[in-house]
Amino acid sequence: LLLLLPLMFVIELISHAVRPMSLGLRLRGNMVGDHTVLAIFTDLVPIGIPVLFYMIGMFVCFIQAFVFTLLSMVYV
């Protein structure tokens, strides 16, 4: 059991170092996805439909900020 201690220490150290990057990539991916969907539907149907996607985008941004805050609190 003591032989695994150095290995577990390295794994935990890497895990803690990578967490902020993984949160940032997750947030960036959600924001880029929202902008991409909005751009595509604005090009396809310029009137009416984009308003729906703006509202959905605002809801997704709220949820992402909430989850990002919770995960940051848990990690810290």
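A compact table of results
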| item | result |
| --- | --- |
| Count of the range 13-34 residues which are open to solvent by 70 Å² or more (accessible area, probe 1.4 Å) and either within 15 Å of Val74 (Cβ to Cβ) or small (Gly, Ala, Ser) (or both) | 4 |
| Selected residue (only one of Tyr54, Tyr75 is of a type in the set (Ser, Thr, Tyr), more than 14 Å from the chain's Cα centre (by Cα) and either at pLDDT 80 or above or open to solvent by less than 60 Å² (accessible area, probe 1.4 Å) (or both)) | Tyr54 |
| Selection within the range 16-65 - of a type in the set (A, V, I, L, M) and touching a Ser or Thr at 6+ places or on another chain (Cβ under 9 Å) | Leu23, Ile49 |
| Selected residue (criterion: nearest to Leu71 (Cα to Cα)) from residues of the range 35-51 that are surrounded by 14 or more Cβ atoms within 10 Å (Cβ to Cβ) and of a type in the set (Val, Ile, Thr) | Val37 |
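The values are calculated or read from the model by the stated rules, or taken from the named source; none is laboratory data. On a predicted model such as this, the values are computed, not experimentally measured, just so you know. Note: ideal-geometry Cβ built from the backbone for every residue, glycine included; neighbour counts use all protein chains shown. Keep in mind that these areas ignore ligands, DNA and RNA; they rest on the heavy atoms of the full protein, side chains included. Shrake-Rupley method; radii C 1.70, N 1.55, O 1.52, S 1.80 Å.
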